[in-house]
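One structure below.
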Amino acid sequence: MTGNGFTKTCPMTCANWRTHALCTQFPTMWADRMWLYEDAASDDRPDVVLHTTARRVCAECPARAHCLAEATVDSEQFGIRGGFRLRERKLAAELAERDGIVVYSRTGARRMERFLAYLRWLQEHEEIWSTVPQIDRARTKKEKRAACITKPKHRSGKTGIRAHVEEKTTGMIEEEPSGTLLQATLF
């Protein structure tokens, strides 16, 4: 028995890793809501509690590396796999490719070869499970800061706070009946 209460009946291989995955123990209705709809475009907002629970289950799963490797190599676009969202999967693949591991099929490498190489890399780099979410959070903050600086774009082509102030003050300048302009005051 492992630390999470899951009984291993046979050693995990590339062919049978799904039988060891903790997510298979959940009813399909809950599993779909927990793992599949994280990034899906729909009118319903993702349930934060379910996704947080899913990520915690993934953190304890003995098949986590296999799941992440398969989802990344197969370029799955939606859901939480191996505890990572799509953006985090891409980041982990980027880190592996910096180490010379071919994750995506740009060079014609076979799928199973890429899967095994990436799986070995994930198993050798245990720190990836904590590093990738930290890097992703830092990138998200940086992108949000950059978005604040460049938005809103004004018709004049100016960006940032200057365009915002000009846009707000433009409507504040009024003309007196005599044709002279009143001075705008910023509040």
* Among residues of the stretch 106-119, those that are surrounded by 14 or more Cβ atoms within 10 Å (Cβ to Cβ) and either within 18 Å of L91 (Cα to Cα) or among the basic types (K, R) (or both), counted -> 5
* If you take the residues of the stretch 93-136 that are of a type in the set (D, E) and part of a helix (DSSP H, G or I), which of them is modelled with the lowest pLDDT? -> E113
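The values are calculated or read from the model by the stated rules, or taken from the named source; none is laboratory data. These numbers were taken from a predicted model, which means no experiment stands behind them. Cβ coordinates were reconstructed from backbone atoms using ideal geometry, including for glycine residues, and neighbour counts include every protein chain displayed.
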